[in-house]
Amino acid sequence: MIGRAVEAVTERIREASDIVDVVGSVVTLKRAGRDFKAICPFHNEKTPSFHVVPGKQIFHCFGCGVGGDVFKFIQIRENVGFPEAREILAARAGIDLERQRPSRGSEPAKVDLERANRWAAAWFRKQLEGPAGSIVRKYIENRGISDSSSRDHRLGFAPDQWDGMLKAARKKGISEDLLIAAGLIKRNEDGRVYDAFRNRLIFPIVDAMGRIVGFGGRALSSEEPAKYLNSPQNPLFDKSRCLFGLSTARGSFAKSGTAIVVEGYTDCLMAQQNGFQNTVATLGTALTAQHVQILRRYVEKVILVFDSDAAGQRAADRALEVFIGGRLDVRIATVPEGKDPADFLRLEGGQEGFERVLTSALGALEYKWQQVLERCSGRATEHQHRVAIEEFLGLVSQTMSLGDIDPIQWGLISNQVGKLLSLQPEDVSRQLRLIARRSRSVVHRDEGPAPAKCAGVRSAATAASLELLEVLLNEPGYYDSIASKFDPDQLPDAETRVIGHAAVKLAKSSQGLSIAALIAGFDSVETARRITELQVRGERRGDFAERTERAVARLQQLNLQRQVDSLRQSALPADQTAENQPERSKGGCDADDRTRQRAANEVLRRINHFAARRHLARRKSAGAPPVEPSPVS
């Protein structure tokens, strides 16, 4: 049982964590009436089906079914339990939980790793601003990075010392195990610990929620074997899922609807500094499907900006393969004259030149087509022709299978490929569709057979009870009128029955029943998902008064029917029960049988009267003539 003090702090955290703000830091929310909607961050979709309801402080996805309150959102997104989700939101809201933190095992939690990173970022920044950082500040200035950009992105400096950070951390009481887990220090084979980042310009990596999840370090000496060094993967940091500059770019995504993706930290800094605030960068890695998934939460269009050298072209090809399946409008732009975006912005084109680079970006298919033309020109062999064309056809068919090519674009592509291959457009179109069908059949074989649908049919009492629960989750005020009829034990499954009992308990309490309070009573994200599913389904059906009356009437009718069945069983004629029952006196037997029969007839009369009254009411409302009920036999 959670103590009252902890419950009070949890409520403070909930009140300080508006679900629109928290979810809005992860996805771009768009107003939809009183609610908000977005592309779901938990499954792939093209049409937004993820809804946030400010009035109830809940979220629900109509596509994958996830739902819950602000704590459950963090639990699902960060893959943590309720206690750690509580800590993450507390840190975000500036609420101190130090005195309430339970003892942990040897594995540091995400919130502990972030706390270590936050301290390290401040320490790196202090070194940059101190006397030892003068040379690094000059380097930053020569790279064209302004003081405001350096400050906004919290750039830092790791001195060329074996254990400078380690000594500072020890003075602050930060354990070596936590520093090692965060990747801030390392231990060699002899057991000696030392700083992981030395003589490097430090770029803190901040996620969409404003947490420092890791660091990138650029070598300040040409003697270093690795030009860039990133934090190692840990529960908080995975470079294949992180984008540098996301925290500062996120606000401009909604305005522009476009994300600009570059390859380097400095490229991103310089682009944002020159007015292209919607720029992010990968962390020295190739673009991944996870990066695409992150960007799809915010934008519908992505411009990939790469160097014009061979390495940049290879990176563009790899990125195209990843993005083409991501249901985004993808365009490719290349910086001329072999420059990277940072140098181009600083030395060549500036803001206007970079704008021209972005404007000249080619669509994914057009970019790939230009590559085909270049590879098929001049002295290219027949084999080289075939390889280039097959690559293009594969890309086209993949896009076609996703439904992203309209008929006009399809015709243009068929004509272009037909000219190159000396084939009729109809033949090209047929070949492309064949490739697409083959791809789909492979996918379907990999997925295996579809699971059989549930064939179970709920009883009438279960259906009526479920309807009452859906109404209660939307209009708790109906509880008093149904309290004597609603039995949670008649709900269809164990989880729903637990929810029903919890709803009744809240309805009877001084706190009262609310969807937020009900979800808060469960740590399980699956239970929260079920609660929001029931609430949303009930809200969509509406007509709460009529549905309540109908469900209550049905339960009353079923209850009377059960009484009839019981009385009928006990009022069977003597010749049907004599063999199985002890002998009784004839008079006593006849009197008991007559009493039970009269009771059964009375209940039957009430059922028929009840059913006839509802039937007449329905016919009257529909304008039909009344029909007399059948007499009770």
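Please list, in order along segment 240-251, the HN-Hα scalar couplings obtained from phi with the Karplus expression 6.51 cos²θ - 1.76 cosθ + 1.60 (θ = phi - 60°), rounded to whole Hz, x for Gly and Pro.
6, 10, 10, 10, 6, x, 4, 5, 8, 8, 3, x
Let a ≥ b ≥ c be the square roots of the eigenvalues of the Cα gyration tensor of segment 491-531; is it rounded (a/c under 1.5), or, if not, prolate (a/b larger than b/c) or oblate? Write out the running numbers ahead of the final one.
Values: a/c = 2.61, a/b = 1.35, b/c = 1.94.
Judged from the Cα gyration tensor, segment 491-531 comes out oblate (a/c at least 1.5, b/c at or above a/b).
Express in Å², to the nearest 10, the accessible area of His51 obtained by rolling a 1.4 Å probe over the protein heavy atoms while all chains stay in place.
Rounded to the nearest 10, that gives 50 Å².
Could you work out the relative contact order of segment 177-272? I mean the mean sequence separation of Cα pairs under 8 Å and 6+ apart, divided by the number of residues, in percent. Working shown, then result.
Numbers: 111 pairs, mean separation 20.1, N = 96.
Across segment 177-272, relative contact order equals 21 percent.
Of Lys46/Lys110; Lys46/Lys227; Lys167/Lys227; Lys37/Lys485; Lys110/Lys339; Lys30/Lys126, which sit over 28 Å apart, Cα to Cα? Kindly include the intermediate steps, with their values, before the conclusion.
Numbers: Lys46/Lys110 31 Å; Lys46/Lys227 39 Å; Lys167/Lys227 26 Å; Lys37/Lys485 37 Å; Lys110/Lys339 39 Å; Lys30/Lys126 40 Å.
Cα-Cα > 28 Å for Lys46/Lys110; Lys46/Lys227; Lys37/Lys485; Lys110/Lys339; Lys30/Lys126; rest within.
Roughly what would the spin-label model give for Arg540 and Thr359, points 7 Å off Cα along C-beta, in nm?
About 4.6 nm separates the two model spin labels.
Ranked by accessible surface with a 1.4 Å probe, highest first, in what order do Trp369, Trp162 come? Write down the numbers at each step before the final one.
On the way: Trp369 25, Trp162 100 Å².
Most to least solvent-accessible, the answer reads Trp162, Trp369.
What list of ³J(HN,Hα) couplings, whole Hz, do you get for segment 152-169 from phi and the Karplus terms 6.51, -1.76, 1.60, once you set θ to phi - 60° and write x for glycine and proline?
The phi angles translate into 4, 9, 6, 4, x, 9, 9, x, 7, 10, 5, 9, x, 5, 4, 5, 5, 5 Hz.
Can you tell me the Rg and the Dmax, both Å, for the Cα atoms in segment 12-78?
That works out to 10.9, 36 Å for Rg and Dmax.
In what order, largest first, do Lys126, Lys227 sit by accessible area if the probe radius is 1.4 Å?
Values: Lys126 145, Lys227 115 Å².
So, going from the largest accessible area down, we get Lys126, Lys227.
Skipping prolines and chain starts, which residues have an amide H placed within reach, meaning under 5 Å, of the one on Ile185, given they are 5 or more residues away or on another chain?
Here the answer is Ile180, Ala196, since their amide H atoms fall under 5 Å of that of Ile185.
Using the basic label-point model (7 angstrom from Cα toward the beta carbon), what is the Asn559 to Arg241 distance in nanometres?
About 5.1 nm separates the two model spin labels.
For segment 213-287, what is the accessible area per residue in Å² when the probe is 1.4 Å? Don't skip to the end; give the middle numbers.
Values: 2820 Å² over 75 residues.
Spelled out: the 1.4 Å probe surface of segment 213-287, per residue, equals 38 Å².
Tabulate in residue order the Karplus-calculated ³J(HN,Hα) for segment 228-239, using 6.51 cos²θ - 1.76 cosθ + 1.60 with θ = phi - 60°, rounded to whole Hz; enter x for Gly and Pro.
Ordered by residue, 3J(HN,Hα) equals 10, 9, 10, 4, x, 5, 8, x, 9, 10, 9, 5 Hz.
The values are calculated or read from the model by the stated rules, or taken from the named source; none is laboratory data. Computed from a prediction, not measured in an experiment: that's the story for all the values here. Virtual Cβ from ideal backbone geometry, glycine too; neighbours counted across all protein chains shown. Just the protein is used for accessible areas: all its heavy atoms, side chains included, with ligands, DNA and RNA removed. Shrake-Rupley method; radii C 1.70, N 1.55, O 1.52, S 1.80 Å.
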